[in-house]
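One structure below.
Derivation of every value follows stated rules applied to the coordinates shown; laboratory data play no part. Since we're looking at a predicted model, the values are computed, not measured. No Cβ is skipped: glycine too gets one built from the backbone with ideal geometry, and neighbour counts run over all protein chains shown.
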Amino acid sequence: MGVPLPEELYAATFLDRPNRFTVRAWCRGSVVQAFLADPGRLVELLQPGVELYLTRREVPARRTQFDVVLARHGEVLVALDSRLPNKVFAQAVRSGELPEFEGYDRLQPEVRVGDSRLDFLLTAPGKPPCYVEVKSVTLVIDGEGRFPDAPTTRGSRHLQELMGLKARGYRAAVVFLIQREDAGRFAPNEGTDPLFARTLQQAAGLGVEVWAYRCRVDLKEIRLGRRVEVNL
């Protein structure tokens with residue numbers, strides 16, 4: 001079972017990106033502005049002429065008429081909505097597709113821990129509470145998913161919170177969901193954010209679980225795919 005994408009998608013051609021959250025594209029005979037729910041650099045994906053898939057979002061007082069849903073990178077579709085991985089993770093836990101979290105029957109989203117909000121708290125009778133942070137991955141280099149594609153102090157702070165929870169006796173995990181099918185492994189993007197890479201290695205050494213999955217993406221849905229090797 002996957003997370004459905006909007007029923008009506010419009011093929012478009014990427015033109016440029018005026019700011020982090022807006023792209024301009026040629027769609028249905030005119031230039032349109034579309035909201036991009038991914039603040040990453042996305043340099044390898046958002047090149048002039050790249051095919052995008054947009055969905056219409058008519059909201060009063062909003063400057064963008066569309067949202068960006070997908071980009072085509074060669075033969076691969078890449079989901080460009082950083083909100084989707086949380087939905088994919090929740091769906092996979094509820095349907096029993098994630099053996100690492102089997103048996104958890106309650107998912108509490110957006111849990112405040114210290115100065116941060118973590119994505120999920122999983123609970124179930126007879127099981128230790130498990131805090132989970134889900135990270136969206138779109139960058140793939142030579143078959144390896146990389147995170148982040150831009151420096152993220154927030155990401156390192158989340159890992160610090162997970163380490164603190166682990167030290168207090170909770171289960172703690174970070175799950176990297178690669179929103180495309182062409183990754184066979186995952187590694188932190190040390191060249192872009194050495195602090196995050198070091199913090200992830202430290203967290204894993206202290207018992208924070210690190211998992212990575214690629215996703216299957218088509219024009220109708222995104223769903224959990226195969227678990228991939230994590231190289232720290």
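Candidates Phe66, Thr13, Trp26 compared by Cα position along the dipole of region 13-67: farthest toward the positive end lies Phe66, with charges placed on Cβ.
Dividing the mean sequence gap of close Cα pairs (under 8 Å, 6+ apart) by how many residues the chain holds gives a relative contact order of 17 percent. Close Lys pairs in the chain, defined as Cα atoms under 19 Å apart and 8 or more places apart or on different chains, number 4. Compute the angle between helix 84-94 and the longest alpha-carbon principal axis of the chain, please, reported from 0 to 90 degrees and rounded to the nearest 10. The helix 84-94 is inclined about 50 degrees to the chain. Quick check on region 63-194: take the gyration tensor over C-alpha atoms, sort the square-rooted eigenvalues as a ≥ b ≥ c, and tell me if it's rounded (a/c under 1.5), prolate or oblate. Prolate, since a/c reaches 1.5 and a/b exceeds b/c. Less than 5 angstrom separates the built amide H of Phe147 from those of Ala187, Asn189, all sequence-distant by 5 or more or on a different chain.
The ranking of Phe21, Phe66, Phe176 from fewest to most other beta carbons within 10 Å of each one's beta carbon is Phe21, Phe66, Phe176. Amide H contacts for Leu5 (H built 1.01 Å from N in the peptide plane; partners 5 or more residues away or on another chain; cut-off under 5 Å): Glu221, Ile222. Across the alpha-carbon atoms of region 1-123, the computed radius of gyration and Dmax are 17.0, 51 angstrom. Considering only alpha-carbon pairs that sit under 8 angstrom and 6 or more positions apart, the relative contact order computed for region 3-57 is 42 percent.
Just rank Glu110, Glu7, fewest to most, by other beta-carbon atoms within 10 angstrom. The partial results should precede the final answer.
Numbers: Glu110 10, Glu7 7.
So the residues, fewest neighbours to most, are Glu7, Glu110.
About its Cα centre, what dipole magnitude does the chain give when the only charges are +1 on Lys and Arg Cβ and -1 on Asp and Glu Cβ, stated in debye to the nearest 20? Could the numbers behind the result be given before it?
Numbers: 33 positive and 30 negative charges, 117 e Å.
Result for the chain is approximately 560 debye, rounded to the nearest 20.
Near the amide H of His73, under 5 Å away, which other amide H atoms are found, from residues 5 or more places off or on another chain, if H is placed in the peptide plane? Amide H neighbours of His73, under 5 Å, 5+ apart: Val78. Cβ-to-Cβ counts within 10 Å put Met163, Met1 in ascending order as Met1, Met163, the fewest first. In the chain, the longest principal axis of the Cα atoms and the axis of helix 194-205 are about 40 degrees apart.
Per 0.36 nm of contour for each residue apart, how much would the distance between Glu221 and Met1 grow if the chain were fully extended, relative to their Cα-Cα spacing? Mind showing how you got there, number by number?
On the way: separation 220, 0.36 × 220 = 79.20 nm, distance 0.92 nm.
Once the chain is fully extended between Glu221 and Met1, it gains 78.3 nm.
Tell me the mean residue ellipticity at 222 nm calculated for the chain from its helices only (DSSP H runs of n ≥ 4, each -39500 (n - 2.57), averaged over every residue, nearest 500).
On the way: 3 runs with 38 residues, N = 232.
That comes out to -5000 deg cm²/dmol.
Among beta bridges from DSSP that stay inside region 84-230, the antiparallel ones total about 45%.
Please report, in debye to the nearest 20, how large the charge dipole of region 134-232 is about its Cα centre when each Lys and Arg carries +1 at its beta carbon and each Asp and Glu carries -1 there.
Working: 16 positive and 12 negative charges, 85 e Å.
Its charge dipole is roughly 400 debye.
What is the distance in Å between the Cα centroid of region 38-53 and that of region 161-210? Value for the Cα centre distance between the two parts: 25 Å.
Using Cα pairs under 8 angstrom and six or more residues apart, how large is the relative contact order of region 142-188, in percent? It would help to have the intermediate numbers written out before the result.
Details: 28 pairs, mean separation 32.4, N = 47.
Once divided by the residue count of region 142-188, the mean separation gives 69 percent.
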